[in-house]
1. With θ taken as phi - 60° and the coefficients 6.51, -1.76 and 1.60, list the Karplus ³J(HN,Hα) couplings across segment 129-143 in order, rounded to whole Hz; mark glycine and proline as x.
2. Would you mind checking the pairs Lys246/Lys327; Lys246/Lys370; Lys418/Lys536 and listing those with alpha carbons more than 25 angstrom apart?
3. For Gln500 and Ser359 in the same chain, what is the full-extension length gain: residue separation times 0.36 nm, less their Cα-Cα distance, in nm?
4. Treating cross-link reach as a plain straight distance, find the lysines whose alpha-carbon is under 21 Å from the alpha-carbon of Lys253, omitting any fewer than eight places away in the same chain.
5. Which of the listed residues, Ser161, Pro207, Ser196, is farthest toward the dipole's positive end in segment 139-210, when Lys, Arg count +1 and Asp, Glu count -1 at the beta-carbon?
6. Let me spell out the model: positive unit charges on the Cβ of Lys and Arg, negative unit charges on the Cβ of Asp and Glu, origin at the Cα centre of segment 157-213. What dipole size does that give, in debye rounded to 20?
7. Which value, in debye to the nearest 20, gives the size of the charge dipole of the chain about its Cα centre, when Lys and Arg are +1 and Asp and Glu are -1 at the Cβ?
8. Applying the Karplus parametrisation 6.51 cos²θ - 1.76 cosθ + 1.60 with θ = phi - 60° to the phi angles of segment 88-93, what ³J(HN,Hα) value in whole Hz is obtained for each residue in order, glycine and proline being reported as x?
Amino acid sequence: MTHDHDLELRPTPAQTEAALNPPPGRNGGDLVMETLAGLGATTVFGLPGQHALGMFDALRRSDLRYIGLRVENNAGFAADAYGRVTGEAAPLLLSTGPGALTSLAALQEAASASAPVLAISSQIPTAGLGGGRHGYLHELPDQAASFRGVVKSVHTVRAASQIPSAIAAAWKSALSAPHGPVWVEIPQDVLLAETSLPVVTAVDAAPEELLPRPELTAVAADLLARAQRPAIIAGGGVVRADASGKLRQLAEKLNAPVVTTFGGKGAFPWNHPLSLQSWLEDRHTTDLLEDADVLLVVGSGLGELSSNYHTFEPRGRVIQIEADLGKLESNHPALGIHADARMALQALLETVPERADASARERVSTLLAKVAERIDAQELALEQQVLSSVRRALPDDSPSFWDMTILAYWAWSAFDAKAPNAMHSAQGAGGLGYGFPAALGAAAADPSRPVLAVSGDGGALYSIAELATARQYDLNVTWLIVDDGGYGILREYMTDTFGQATATELSRPDYVALAESFGVPGIRTSPEALEADLTKALAAPGPSVVVLPALLRMFAPTHLG
């Protein structure tokens, strides 16, 4: 008896001929590139190294586009942003030992932000695997162990025939909810060895769908239907699942106020009558959320930044929809629904009845007025002026990437992202140097629109070498550097805590002259001229740098008692 799937697996005559007579001169590196192309990859990031040369030689024979950065960590940030913008697993090509290890901070950020990155590294020759001390260049006793606690999955290859399956398994892992970085390592000799294996063509590695259990969504729908004061916290999982439209429908059906986390910026329209915006670092917002008798948390683990530094203590029932199993009920007891946000919201939309509540929108407007009053009382006009200038200068459909700097901390709470998946920062792991290389990755993904990067002068020095990358590939990124002469937020923290700051002041270059030395146009601006200068820079094709000398302050926290 012949089954349909038997016919599907039977090769065509042309496929048989190609398989029996593969082109000469191919090696393990070609299997890597062929598998990536078969999976649908079009762009790869990375840096060459001695053990990885088999991959990079094969890259020359492929149709994949290569964006080479100057530091492995920055290449990881670029791949992270490419993955966030496209939803694809961005390949990141690395070399053994120091090169691989330099990417760790970027992979931690990708893991924290659920960004799909497919890191493929070389390894020492196969004879050296297993932890012996053979004295190979770049040798580590167990290279994979350095990544196992950071990435979603680790895949070690020992023979050329394993390459396509290992990369396909890693790809599937990276793109299965929750998205995240994965690690593949291939020994140098396997990459260099000639192969007579057939050319890799289409590879099936479709991610698994994470469907909600219907008995759980039935209970959640019942709780929401009977709620008197429901509220919603929308996290990054809503954005990654492309579920913003369904979130809005559900919020309007329930008449429930919605606050977005810093990772969920843009998940709900900023000026919607039910929008609490993103003022999570505010006690007024915390109080409203605590007062909810049913709180729906979608795509957030309610970590430190999403819970006003763990001062949030819900009094009502919590429903938590989360694709990352480890985050379910990790901070608060809840009806935990392990599911993709889009699927779960659709299930609720189909079962939750319309709920009338004339007071919901009034409570939202009252809260936002209280927040504005608190901020306005702190004499922070400069900070609000700068942030407003950035928003007016940035086209609505342009993405922005923010480093860990005071202006970014303002943006978490006070910046209208205008659209889902448009504002990104390093708030997942909190490392410096993210903004500019990430923006380069986004510009590589979509060269049709300008991209904004925002850094402080401290963070800028982490990625200044990537001005060369921006120029080499003519990437359409405008880099705003807020220069306050040091690590501004640490200066503020230390002064508030200890009365004075230590190790926070920096000798820094003339950033305009430095940019111009790379062939990148630069301009020094002022708070008054920022909007015009930034608008002009964003409108010009190719990279540019705008430097704003300014000493910005943070608004007062509300979580310290």
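The values are calculated or read from the model by the stated rules, or taken from the named source; none is laboratory data. In this text the structure is predicted, and so the values were computed from the model without any measurement. Don't worry about glycine lacking a Cβ; one is built from the backbone with ideal geometry, like all the others, and counts go over all protein chains shown. Just the protein is used for accessible areas: all its heavy atoms, side chains included, with ligands, DNA and RNA removed. Shrake-Rupley method; radii C 1.70, N 1.55, O 1.52, S 1.80 Å.
1. 5, x, x, x, 9, 9, x, 5, 4, 6, 5, 10, x, 8, 4
2. Lys246/Lys370
3. Value of the extension gain: 46.1 nm.
4. none
5. Projecting each Cα onto the dipole axis, the largest value belongs to Pro207.
6. It works out to roughly 160 debye.
7. 140 debye
8. 8, 7, 7, x, 10, 9
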